[in-house]
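Below is one structure; the comments refer to it alone.
The values are calculated or read from the model by the stated rules, or taken from the named source; none is laboratory data. Predicted, not measured: the structure shown is a model, and the values here were computed from it. Cβ coordinates were reconstructed from backbone atoms using ideal geometry, including for glycine residues, and neighbour counts include every protein chain displayed. Surface areas here come from the heavy atoms of the whole protein model, side chains and all, with no ligands, DNA or RNA. Shrake-Rupley method; radii C 1.70, N 1.55, O 1.52, S 1.80 Å.
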Amino acid sequence: MAERILVFYGSYRADRMGIRLADYCVRALQARGCDAELVDAKAVDLPMLDRMYKEYADGEAPDAMETLARKIRDADGFVFVTGEYNWGVQPGLKNLTDHFLEEWFWRPAGVVSYSAGRLAGARANVAWHGTLSEMGMVVISSTVTVGPIGDTLDTDGQPVGPAGKSLERSFARFADDLTWWSEATRAQKTRRPPPY
Ligand SMILES: Cc1cc2nc3c(=O)[nH]c(=O)nc-3n(C[C@H](O)[C@H](O)[C@H](O)COP(=O)(O)O)c2cc1C
């Protein structure tokens, strides 16, 4: 059965560049046979955090939150595509993730970072590792760093030039790692239910 992988991306900017990379990740995972889907925080557009999903009574969470909770629970693994704002994470994606907690547990997550410059969002990448771990995901050690994003992917999200080639190589290894863990955690859940 194909692994169900959700790819999260969270820039709300009108001229956002990271959508190229998020779309690339979805396509590359689909090409490997994964059932991959983009979750665009801007499109989902949850409100600034007030109540977490679990703080709503059954059936009372807003529709967009309910739908996303179900998708997260049903997924086998997660990819977080992150840009970097002032050495930190992008608020739109962080706001979306903070609405959930137990829904994230017991699955692997990988971080794919980018920026307009050569440091490729490395500082936001590191910050996400701790955050995703705190939220109960197993953060894989493989990561992908893309910078400058404008030299790596064209406007259709297609890899270009030497930087594009490098992305394709590093993404293949990253996806090998993520899908291995996705399969492993799914199999383990059938052998033994999560302890809590
Ligand atoms: C508010 C803001 C802060 C930024 N801070 C950083 C930064 O700390 N490091 C960096 O490499 N690029 C920084 N940039 C440049 C981003 O890497 C670049 O604009 C990138 O395209 C942002 O992602 P997005 O287009 O998907 O929103 C910043 C951009 C914005 C808008």
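In this entry, ARG118 is excluded by the filter for residues that are farther than 30 Å from LEU49 by Cβ, away from the ligand (no atom under 16 Å from the Cβ) and of a type in the set (Lys, Arg).
Of the residues contained in region 67-79, one or more are found to be within 16 Å of MET137 (Cα to Cα) and within 16 Å of the ligand (Cβ to nearest atom).
Against the criterion of being open to solvent by less than 10 Å² (accessible area, probe 1.4 Å), of a type outside the set (Asp, Glu) and in contact with a helix residue (DSSP H, G or I) (Cβ under 7 Å, 6 or more places away or on another chain), ALA124 does not qualify. Restricting attention to region 1-14 and to residues that are in contact with a helix residue (DSSP H, G or I) (Cβ under 7 Å, 6 or more places away or on another chain) and part of a loop (DSSP other than H, G, I, E, B), the residue that is nearest to SER115 (Cα to Cα) turns out to be SER11. The residue of region 23-59 that is least open to solvent (accessible area, probe 1.4 Å), among those that are within 16 Å of the ligand (Cβ to nearest atom) and in contact (Cβ under 8 Å) with a residue 60 or more places away in the chain, is CYS25. Between SER133, SER170, the distinction of being assigned to a helix (DSSP H, G or I), of a type in the set (Ser, Thr, Tyr) and within 22 Å of MET17 (Cβ to Cβ) belongs to SER170 only.
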